Amino acid sequence: MTDEPVKKDLVALIASPRNGEATHCTAADYDRLYQESISDPDSFWARQAERLDWQTMPTKISNASFDPVSIKWYEDGVMNICHNAVDRHVAAGKGDVTALIFEPDDPQSPGRTISYAELQAEVIKMANCLKKLGVGKGDRVTIYMPMIPEGAIAMLACARIGAIHSVVFGGFSPDALAGRIEDCDSKFVICADGGLRGGKPVPLKANVDAALEKVAVDAVLVINHTDTDVEMTAGRDHWYHEISADVSADCPCEPMNAEDPLFILYTSGSTGKPKGVLHTTGGYAVWVATTFHYVFDYQPGEVFWCSADIGWVTGHSYIVYGPLINGATEIMFEGIPNYPDFSRFWEVVEKHKVNIFYTAPTAIRALMREGDGPVKAHDRSSIRLLGTVGEPINPEAWRWYYDVVGDGKSPIIDTWWQTETGGIMITTLPGAHGMKPGSAGKPFFGVQPQLVDGDGKILEGATDGNLCITASWPGQARSVYGDHERFVQTYFSTYKGKYFTGDGCKRDADDYYWITGRVDDVINVSGHRMGTAEVESALVSHPKVAEAAVVGYPHDIKGQGIYCYVTLNAGEEHSDELVAELRVHVRKEIGPIATPDHLHLTPALPKTRSGKIMRRILRKIAENDHGALGDTSTLADPSVVDALVEGRLNR
Ligand code: WT7
C-alpha cells in the first residue's frame, strides 16, 4: 500500500468540457456562488427557493444548530412538492412534455410514455384512492413496489395529500418489510401483485401478506402489474383498477409547511435496527431541485436516466423529485444491467437517446468485466454526461466508463452523498471542474466539509481524516422517525457540534475530496448500506448459532463483500449444508442483498480478556492481510487467530 490513493497516471486532472455548449455553471460561477453560499447562506438559499412555487414564500430561511440539534429551513414557507414536480409544469403549458419513459424488464414488452399532463391525472387518481381508503395528512404509507411508473405515482400521490411515504425496496424480505411497517406505525401499504427482474418474478403481494401476519394494517392497495394470481383479504386488500374506477379527477394539493415531514427512508447504521431517516418538505425540495439543475446541468429536451431503484434515496431524489421538479424527461427502468444480456443498458441508451446517465460503480465494474463489445454494439452518441454514486469508484472502472462508455468525450461526475444528506454533497460540476478518477471532487453550494482525526482535532490542508460537515444545508435529514435522541447520538455526538458522515476521506492539495469508505461498522455492498450488526443479529437468530461477527472485505464487483464469522452452539457439527442453511436464513431475515459472501464457521472468535470481539483482526483476516494483524497481545487466547487465518487460507 502506498500513500497515493490511486496510480499516478490516473490522478491527472481531466478537463470536463460540455461539448462547447453553455453550462449552468462555469468555474468562475462556482467560485463566486460557493463563496456566497458560505458567507451569506440565507440570501443564497432564499434565491434558490425561487426555483419552486410556494403558496407562502418563506421569509425565515435557515434556523439550524448542531448543538443542541435543531434543523429548520424555510420554516414559515408553505408549499406542496407534488405541485412543484407535476402540476406547475402542466399549468405552464408543458403538459405535453414527456415526464416518464417506462422501459420494462423484458425488452419485448411494450413500454410506456407518460406526459406531465398524464402524470398529473395518474397522481390525482391514486391520491383520491388513498383518501378513499382513509389516508390523511401525516399518515405513514408504506410503498413496496417494482420499478414501474406507479411507484413514482404512489410517492407523488402521498406527497399531494400530505401523507408521509416510506418506500421499502422490493428486494427486502417480508420480515424486513414488517419491521419497517411496525417501526413507523404505518397503517397503509401500496404494492404491486408482483415484479419482474431479469425475467424472474418477484412475489411482492405474497411478501406483503407474509409481513402482515406479523403486523396489521388497515388497507393494502394492490396494483396489477404482472397478472399474478394473488390472495386478496376481504376488507383489507383492494385492487387499484377497481377502486380507482369511480374516483374524481380532481384533488387539490395539500398546503404543507416547509418543515412538515415528506418521507421516511430506512437505512442501516453501525448499531441496532435500521433507522427511519426523516426528511421534510421545503428544504428537501430546494436541495434536490438545485443539485439536479447544477450537477446534471439538465437542458430542456434532454433525456435523463438514473438507473437506481426508487427504494433507495437515489431513486427518491434523482428519479422522482429532482428531475420532475426540473420538468425533465427521464427513463424509469424496471430491469437489470445483464438481462437479457450485458448490453441492456446501452440498448436502452440507444433506443431512447439518453443524454445523461447516472449509475453505480458496482454496475460499471460488472459490465467492464464483459469487455467493450456489448457497449460498442450500440450507438451512444447521445450521451453527454455520465455520473456515478453509491461507493468509491476505482480509477480503472472510471477510465473504462470514460473511455469506452463515454467515448472519451463525456465528463463524469462522481457524486458523494447519503440517505441522510437528501441529495448530492460533493461532486465536480460538468464544464466547471476538471475531474480526477476516483475523487468525488468539490463541495456543492452550501456544503462545508471538514476532516478531523479520531479525537476531533481539525485537520487542515492536504490530509486524511474523518469526514464531517460543519453547517446545515437545506436537504439535510431532520430526525430519525420516532427517535430524535438516536438521530442526535448517531450523527452529532461523535464530534460535538458537527454532522459526522461515517466516512473516511482524503483531501488533496487541489482541495479535491476522495472518499475512502466507511470508518464505522457499516459495509457498502454494491452501493447498498448494510449494518454488520443487522447481519449478525440475523445470524444469531438461527437456533444453531451461538455468536456471529460480520465484517466487510474488498470484493471485485460489489466493492465490499459480507464476511461472516460464526460460532455454533455446543454439540452442533460444522457442515456445508449448515453453511447453505445459514445463507438462506440471512436472506429470509433481511433479503438477498444481505446474502453472506463468506461464511466462516469457527470454534471461537478472537476476544479480549474482557470479552470484546476484536473486529480489527477479523477485518484483516477477511481482507487476507494476515501480515498486518497488529497487536494480538490483549487477546484472551491468541491461538484463536492462527486457527482463523488457517481457515481463511483454506478457502
Ligand atoms: C454511503 C451512503 C448516496 C446515495 C446512495 C447511497 C457511500 C455514496 C459515494 C461516492 C464514495 C460513496 C458512502 C456514504 N457513497 N456515494 N460517490 N464515493 N462513497 O446512499 O445508502 O445512504 O449510503 O455510500 O460511504 O456514506 P446510502
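Looking only at region 37-53, which residues are surrounded by fewer than 19 Cβ atoms within 10 Å (Cβ to Cβ) and either in contact (Cβ under 8 Å) with a residue 60 or more places away in the chain or in a loop (DSSP other than H, G, I, E, B) (or both)? Before the answer, list the steps.
Within region 37-53, the subset surrounded by fewer than 19 Cβ atoms within 10 Å (Cβ to Cβ) is 38-40, 42-43, 46-47, 50-51, 53.
Result: 38, 40, 50, 51, 53.
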Might you let me know whether region 614-623 holds any residue that is assigned to a strand (DSSP E or B), buried (at least 16 other Cβ atoms within 10 Å of the Cβ) and charged (D, E, K, R)?
-> no
List every residue pair whose Cβ atoms sit under 9 Å apart, with the two residues 6 or more apart in sequence or on different chains, where the first one lies in region 491-508 and is over 16 Å from residue 459 (Cβ atoms) and the second, anywhere, is among the hydrophobic types (A, V, I, L, M, F, W, C) and within 11 Å of the ligand (Cβ to nearest atom).
-> 491/477; 491/500; 492/500; 493/500; 502/467; 502/519; 502/522
Collect the residues in region 388-423 that are near the ligand (Cβ under 8 Å from one of its atoms), under 18 Å from residue 508 (Cβ atoms) and not β-branched (Val, Ile, Thr), keeping them in residue-number order.
-> 392, 414, 416
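Any residue at all in region 245-253 that is under 30 Å from residue 70 (Cα atoms), in contact (Cβ under 8 Å) with a residue 60 or more places away in the chain and outside any helix (DSSP H, G or I)? Step through it out loud before you land on a result.
Taking region 245-253 as the starting set, the residues that turn out to be under 30 Å from residue 70 (Cα atoms) are 253.
Next, from what is left, pick out any that are in contact (Cβ under 8 Å) with a residue 60 or more places away in the chain: 253.
Remaining after also requiring outside any helix (DSSP H, G or I): 253.
Yes: one or more hits.
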Checked region 323-341 for anything closer than 14 Å to residue 356 by Cα and either in contact with a Gly (Cβ under 7 Å, 6 or more places away or on another chain) or within 16 Å of the ligand (Cβ to nearest atom) (or both); matches are 323
Hits in region 224-242 - residues which are closer than 15 Å to residue 188 by Cα and outside any loop (DSSP other than H, G, I, E, B) = 237, 238, 239, 240
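The rows are residues; the columns are (1) part of a loop (DSSP other than H, G, I, E, B); (2) under 19 Å from residue 64 (Cβ atoms).
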residue: 468; (1), (2): no, yes
residue: 473; (1), (2): yes, yes
residue: 477; (1), (2): yes, yes
residue: 487; (1), (2): no, yes
residue: 491; (1), (2): no, yes
residue: 501; (1), (2): no, yes
residue: 509; (1), (2): yes, no
residue: 514; (1), (2): no, no
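Yes or no, residue by residue, for (1) more than 15 Å from the ligand (Cβ to nearest atom); (2) within 20 Å of the chain's Cα centre (by Cα); (3) within 25 Å of residue 322 (Cβ to Cβ):
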{"site": "425", "(1), (2), (3)": "no, yes, yes"}
{"site": "448", "(1), (2), (3)": "yes, no, yes"}
{"site": "452", "(1), (2), (3)": "yes, no, no"}
{"site": "462", "(1), (2), (3)": "yes, no, no"}
{"site": "475", "(1), (2), (3)": "no, yes, yes"}
{"site": "482", "(1), (2), (3)": "yes, no, no"}
{"site": "501", "(1), (2), (3)": "no, yes, yes"}
Would you point out the residue of region 151-179, among those that are part of a loop (DSSP other than H, G, I, E, B) and in contact (Cβ under 8 Å) with a residue 40 or more places away in the chain, that is farthest from the chain's Cα centre (by Cα)?
-> 162
Unmet criterion (only one of (1) more than 27 Å from residue 261 (Cβ to Cβ); (2) within 15 Å of the ligand (Cβ to nearest atom)) for residue 539 | (2)
Residue 403, sole failed condition from (1) among the acidic types (Asp, Glu); (2) buried (at least 23 other Cβ atoms within 10 Å of the Cβ); (3) out of contact with any helix residue (DSSP H, G or I) (no Cβ under 9 Å at 6 or more places or on another chain) = (2)
Restricting attention to region 556-584, which residues are touching a helix residue (DSSP H, G or I) at 6+ places or on another chain (Cβ under 8 Å), over 27 Å from residue 365 (Cβ atoms) and in a loop (DSSP other than H, G, I, E, B)?
-> 572
Matching residues, region 484-499, being among the β-branched types (Val, Ile, Thr) and either within 16 Å of the ligand (Cβ to nearest atom) or modelled with pLDDT under 95 (or both) | 490, 494
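The values are calculated or read from the model by the stated rules, or taken from the named source; none is laboratory data. Computed from a prediction, not measured in an experiment: that's the story for all the values here. Note that we place each Cβ from the backbone using ideal geometry, even for glycine, and neighbour counts take in every protein chain shown.
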